[in-house]
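The values are calculated or read from the model by the stated rules, or taken from the named source; none is laboratory data. Quick caveat, the model's predicted, so the values are computed rather than measured. Note that each Cβ is placed from the backbone with ideal geometry, even for glycine, and that neighbours are counted across all protein chains shown. To get the accessible areas, we keep the full protein, side chains included, count just its heavy atoms, and leave off ligands, DNA and RNA. Shrake-Rupley method; radii C 1.70, N 1.55, O 1.52, S 1.80 Å.
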Amino acid sequence: MARLFPTLVVPFVFFSIFIASALADDESFVRTTDRKLLGIHKKEKLSHFKLYWHDIVGGRNPTAVPVVMPSKNSSTAFGMISVIDDALTMGPELSSKMVGRAQGFYSAASQQEVGLLMAMNFAFMEGKYNGSTITILGRNTVFSKVREMPVIGGSGLFRFARGYVQAKTHRYDPATGDAVVEYNCYVMHY
């Protein structure tokens, strides 16, 4: 019996230590923090940006490149995925002042209509917001007059951002597929 005691006790002790440390570690990755350390002690504000998004799918320097081709039988381009690096300008002409880039992808996600899943960052490159981004993720039914998508976050001066964008086609060329879309962005941030 004396020999059996260490055989039973030693594994039990190690098992108990393992369980205790696992339980302790389970909550050690979370802790409360001071809002001031993250810069969110300031008053929240609402900003409105009006930008033009230039999606160029053809020519020598496209800004939208298909990486997955659509289903052969689809009238809505279902299944297509394009990666984008589109200019964001202050006016509807590509020659107007560029303030950032829309970087991400869109995917034709509807079999009944031309409906895109948009996942993109508006990466600002000018003025006070240089280096900051807002992230947009949502559904874009491109032939609707106005489309609304949520702003789900951001970085830099847009940390903890939330809001929405409204997209309205300014110009579309059916021959090339190129489009200019007016984006009105309403963003809550600190």
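Can you tell me which condition LEU94 does not meet? The list is (1) under 21 Å from TYR164 (Cβ atoms); (2) touching a residue at least 40 places away in the same chain (Cβ under 8 Å), and all the others hold.
Answer for LEU94: the failing condition is (1).
Mind counting the residues in the stretch 83-99 that are open to solvent by less than 30 Å² (accessible area, probe 1.4 Å), in contact with a Phe, Trp or Tyr (Cβ under 6 Å, 6 or more places away or on another chain) and under 14 Å from ALA119 (Cβ atoms)?
Number satisfying all stated conditions: 1.
For the stretch 160-183, what are the residues that are over 17 Å from THR141 (Cβ atoms) and either among the aromatic types (Phe, Trp, Tyr) or surrounded by 15 or more Cβ atoms within 10 Å (Cβ to Cβ) (or both)?
Those that are over 17 Å from THR141 (Cβ atoms) and either among the aromatic types (Phe, Trp, Tyr) or surrounded by 15 or more Cβ atoms within 10 Å (Cβ to Cβ) (or both): PHE160, ALA161, ARG162, GLY163, ASP178, VAL180.
Under 7 Å between Cβ atoms, which residue pairs at least 6 apart in sequence (or on different chains) link something in the stretch 54-73 that is within 17 Å of ASP85 (Cβ to Cβ) with a partner that is open to solvent by less than 60 Å² (accessible area, probe 1.4 Å) and modelled with pLDDT under 95?
Listed by first residue and then by second, the contacts come to VAL57/GLY177; GLY58/GLY177.
When you go through ALA108, ALA102 one by one, which is the residue that is without any contact (Cβ under 8 Å) to a residue 40 or more places away in the chain, open to solvent by less than 60 Å² (accessible area, probe 1.4 Å) and more than 16 Å from ASP173 (Cβ to Cβ)? Before the answer, list the steps.
Working: ALA102 fails: without any contact (Cβ under 8 Å) to a residue 40 or more places away in the chain.
Exactly one of ALA108, ALA102 is without any contact (Cβ under 8 Å) to a residue 40 or more places away in the chain, open to solvent by less than 60 Å² (accessible area, probe 1.4 Å) and more than 16 Å from ASP173 (Cβ to Cβ), namely ALA108.
What are the residue pairs meeting all of these: first residue in the stretch 169-190, first residue in contact (Cβ under 8 Å) with a residue 24 or more places away in the chain and at positive phi, second residue in a loop (DSSP other than H, G, I, E, B) and open to solvent by 20 Å² or more (accessible area, probe 1.4 Å), Cβ atoms under 6 Å, and 6 or more apart or on different chains?
Cβ pairs passing all conditions: GLY177/VAL57.
Every residue in the stretch 161-178 that is under 25 Å from GLY58 (Cβ atoms) and of a type outside the set (S, T, N, Q), please. Lay out the reasoning, then the answer.
Of all residues in the stretch 161-178, those under 25 Å from GLY58 (Cβ atoms) come to 167-178.
Matches in the stretch 161-178: ALA167, LYS168, HIS170, ARG171, TYR172, ASP173, PRO174, ALA175, GLY177, ASP178.
Report whether or not GLY79 is in a loop (DSSP other than H, G, I, E, B), more than 30 Å from LEU37 (Cβ to Cβ) and within 20 Å of the chain's Cα centre (by Cα).
Numbers: in a loop (DSSP other than H, G, I, E, B): yes; more than 30 Å from LEU37 (Cβ to Cβ): yes; within 20 Å of the chain's Cα centre (by Cα): yes.
The answer is yes for GLY79.
Output the residues belonging to the stretch 118-159 that are closer than 21 Å to VAL180 by Cβ and open to solvent by 70 Å² or more (accessible area, probe 1.4 Å).
Those that are closer than 21 Å to VAL180 by Cβ and open to solvent by 70 Å² or more (accessible area, probe 1.4 Å): MET125, GLU126, ARG139, PHE143, LYS145, VAL146, GLU148.
From the residues in the stretch 25-65 that are over 20 Å from ALA161 (Cα atoms) and basic (Lys, Arg), which one is modelled with the highest pLDDT?
Filtering the stretch 25-65 for residues that are over 20 Å from ALA161 (Cα atoms) and basic (Lys, Arg), the one modelled with the highest pLDDT comes out as ARG60.
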